[in-house]
Ligand SMILES: Cc1cc2nc3c(=O)[nH]c(=O)nc-3n(C[C@H](O)[C@H](O)[C@H](O)COP(=O)(O)OP(=O)(O)OC[C@H]3O[C@@H](n4cnc5c(N)ncnc54)[C@H](O)[C@@H]3O)c2cc1C
């Protein structure tokens with residue numbers, strides 16, 4: 001028997017993989033619903049998402065959508081939608097091609113010329129911060145206006161607090177990028193072509209819900225795990241209501257601080273490491289506004305970092321969600337902001353939306369989320385190891401985006417179901 005702790009997208013995908021392998025398993029979820037941070041609902045006739053607003057339609061995701069029968073629910077963004085940045089009083093489109101870069105008004109000419117020197121700069125240096133790396137490669141203008149807000153925005157973390165070795169090196173390796181990012185781009189035709197963004201008719205939660213339906217009785221909601229104990233060669237998983245599962249293998253997909261609590265008795269060193277990881281608190285304010293804004297949304301340039309607003313998603317233009325926008329506030333730049341009351345956050349979001357876009361807006365909902373910072377605190381995971389039969393598959397051990405969650409789930413499930421019994425050793429470092 002394999003026990004998966006947590007019924008977010010990682011735990012559910014693990015369950016689906018174990019089902020495929022034909023092994024006995026159960027997915028235990030503390031709350032009364034599937035999905036974890038993926039959460040959607042209808043508010044005032046709008047479909048709102050409080051976690052991710054979209055996923056990239058990668059090959060893996062397309063297969064999963066078919067597998068769980070959601071093809072007819074899938075909504076794909078129109079082709080060619082770009083992302084913008086707010087800089088110097090204006091929204092400016094970030095081109096997806098080098099040719100477009102030459103004529104775009106997103107950067108002054110001197111910054112563009114400096115960025116072209118990138119192939120002559122060296123690859124990452126040991127211990128280098130992400131901000132130092134990108135500034136050294138492309139110059140301060142390109143870093144502060146484009147790369148910093150886009151990269152830092154993925155984690156809501158200031159790249160000055162992130163190390164290349166901890167958060168970027170594995171991505172560079174995955175895409176086989178050595179010394180020059182620009183030459184890599186040129187070899188791919190001089191243009192970035194990410195898979196299209198997508199969602200589902202009733203919001204992102206449709207995906208974990210369909211996965212949970214597929215797992216049937218093997219997905220158990222309202223099943224909060226309280227502790228893990230060694231029992232001979234196996235693990236005893238004890239729920240808050242005293243139900244006990246005896247498991248040969250246990251896969252933990254829970255947030256780092258929850259995982260630390262569960263590991264405290266069984267693996268105290270690993271528990272200390274997980275509890276050292278920092279999460280950023282982020283406020284999300286959904287806004288209703290009549291605008292002509294087009295694109296995926298925008299980020300705020302570091303020159304305008306005094307604004308509480310970090311960025312906005314244009315749900316209207318992406319998925320025809322009429323007049324709907326999602327504003328993000330707080331995160332690593334304004335760490336205390338998410339603790340402010342709802343009325344303050346709604347007012348600040350409306351003010352910053354008007355300042356950056358020129359349009360009036362009405363708040364629909366205020367909510368908060370915590371996301372792994374992937375900053376220098378990830379050094380704590382150096383040497384993180386678990387006893388045999390315990391595993392972690394989580395957005396704090398590998399890439400947090402949903403495509404990353406699916407691929408980690410597949411890999412860990414295969415290793416657990418078919419490999420020799422071992423623990424998963426986390427190696428995020430280097
Ligand atoms: C605001 C926000 C925006 C994002 N935007 C994007 C995006 O645009 N695109 C993208 O690809 N990704 C995005 N992400 C990242 C992605 O959504 C997450 O990394 C991913 O959904 C995490 O899934 P998970 O299953 O690993 O963890 P979680 O969703 O955190 O699931 C963990 C589960 O464990 C359960 N649990 C906790 N304690 C216990 C316990 N003791 N016993 C049993 N169960 C327990 C929880 O209830 C939860 O359901 C975003 C994330 C956030 C928060």
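The values are calculated or read from the model by the stated rules, or taken from the named source; none is laboratory data. Bear in mind the structure is a predicted one, so any value in this text is a computation, not a measurement. Glycine gets a Cβ as well: all are built from the backbone with ideal geometry, and neighbour counts include every protein chain shown.
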- Those residues that are touching a helix residue (DSSP H, G or I) at 6+ places or on another chain (Cβ under 9 Å) and not in a loop (DSSP other than H, G, I, E, B), I need them from the range 185-202; list them, please. 185, 186, 191, 197, 198, 199, 200
- Query: Hey, any hits in the range 3-21 for a residue that's at positive phi, surrounded by 14 or more Cβ atoms within 10 Å (Cβ to Cβ) and assigned by TED's automatic domain parsing to the domain that holds residue 253?
  - Reply: yes
- Message: Condition first: near the ligand (Cβ under 9 Å from one of its atoms) and within 28 Å of residue 233 (Cβ to Cβ). Now tell me which residues in the range 397-411 satisfy that.
- Response: 408, 409
- Item | Unique match (being free of Cβ contacts under 8 Å to residues at least 24 places away in the same chain and not assigned by TED's automatic domain parsing to the domain that holds residue 337) among 404, 358 | 404
- Item | Restricting the range 259-276 to residues that are under 12 Å from residue 225 (Cα atoms) and touching a residue at least 40 places away in the same chain (Cβ under 8 Å), the residue that is farthest from the ligand (Cβ to nearest atom) | 263
- Message: I need a count of the residues in the range 215-247 that are under 20 Å from residue 30 (Cβ atoms) and not in a strand (DSSP E or B).
- Response: 12
- Task: Go through (1) surrounded by fewer than 19 Cβ atoms within 10 Å (Cβ to Cβ); (2) at pLDDT 95 or above; (3) over 30 Å from residue 11 (Cβ atoms) one by one and return the number of the condition residue 287 breaks.
- Result: (1)
- Query: Given the structure, is residue 153 assigned by TED's automatic domain parsing to the domain that holds residue 329 and within 30 Å of residue 201 (Cα to Cα)?
  - Reply: no
